[in-house]
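**Q** This structure is in structure tokens; I'll ask about it shortly.
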Amino acid sequence: MHEFSVASSLINICLEKAKENNAIKITNIKVKIGKLSGIEPHFLKEAFEVVKAGTIAEKCEFEYFLQDVVVYCNECKKESNVSENIFICMHCKSRDIRVIDGEELFLMNLELEN
């Protein structure tokens with residue numbers, strides 16, 4: 001389960017930011033998880049519960065937003081959401097597209113207490 005290593009990296013980033021800001025507690029973490037990221041949100045949440053134990057994030061709330069796949073069409077120059085792994089432009093049906101969102105894990109918000 002690679003979600004554990006992702007959760008470990010995420011908590012390390014959060015702890016580093018907390019230290020930079022002289023925080024005594026991390027109260028909330030919000031992440032965006034792309035549907036093509038390869039990360040299972042419920043496993044990441046479970047892993048995060050384990051790695052935050054014994055840190056200043058021990059009582060923080062972990063929230064996530066699941067990001068749809070968004071593509072940009074090189075032909076009609078429009079963006080569209082892709083559903084069910086059908087990688088075509090929803091406007092002109094072209095296959096000349098590129099993914100512009102939905103492949104990554106992104107730390108959206110980190111709430112700290114001083």
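Nothing in this text is a laboratory measurement; each read-out follows from the coordinates by a stated rule. Predicted model only: the values in this text are computed from it and were never measured. Every residue, glycine among them, receives a Cβ derived from its backbone with ideal geometry; neighbour counts consider all protein chains shown.
**Q** Taking R0 as 22 Å, what FRET efficiency do you get between residue 36 and residue 65 from their Cβ-Cβ distance, rounded to the nearest 0.05?
**A** Using R0 = 22 Å, I get an efficiency of 0.90.
**Q** Tell me which residues come under 5 Å, amide H to amide H, from residue 39 once H is placed; ignore anything under 5 positions away on its chain.
**A** none
**Q** Still on this structure, I have one more. Please tell me the relative contact order of the chain in percent, rounded to the nearest whole number, where contacts are Cα pairs under 8 Å and at least six residues apart.
**A** RCO, the chain: 36 percent.
**Q** Further question on the same structure: Contour minus end-to-end for residue 16 and residue 94, with contour as 0.36 nm per residue of separation and end-to-end as the Cα-Cα distance?
**A** In short, 23.7 nm is gained.
**Q** Compute the helix-to-body angle for 41-51: its Cα long axis versus the longest principal axis of the chain, expressed 0 to 90° and rounded to tens.
**A** 20
**Q** Now, a different point. Looking at segment 37-114, which GluC sites (Glu not before Pro) are in a loop (DSSP not H, G, I, E or B) and have at most 10 other Cβ atoms within 10 Å?
**A** In loop regions of segment 37-114 (DSSP not H, G, I, E or B), the sparsely surrounded GluC sites (Glu not before Pro) are 84.
**Q** Over the Cα atoms of the chain, what radius of gyration and what Dmax do you get, in Å?
**A** Rg, Dmax (Cα atoms, Å): 17.4, 53.
**Q** Excluding same-chain residues fewer than 8 positions from residue 78, which lysines have a Cα within less than 28 Å of its Cα?
**A** 32, 35, 93
**Q** Same structure, new question: Quick check on my link table: of 30/52; 17/59; 19/45; 25/52; 17/52; 19/59, which ones sit more than 21 Å apart, alpha carbon to alpha carbon?
**A** 19/45
**Q** In nm, to one decimal, how far is the residue 24 label point from the residue 5 one, both placed 7 Å along Cα→Cβ?
**A** Label-label distance for residue 24 and residue 5, simple model: 3.7 nm.
**Q** In addition: How about segment 1-103: which chymotrypsin sites (Phe, Trp or Tyr not before Pro) there lie in a loop by DSSP and see at most 16 other Cβ atoms within 10 Å?
**A** When the chymotrypsin sites (Phe, Trp or Tyr not before Pro) of segment 1-103 are filtered for loop state and at most 16 Cβ neighbours within 10 Å, 87 remain.
**Q** Separate question: Over segment 2-62, what per residue volume does the convex hull of the Cα atoms give, in whole Å³?
**A** Each residue corresponds to 75 Å³ of Cα convex hull volume.
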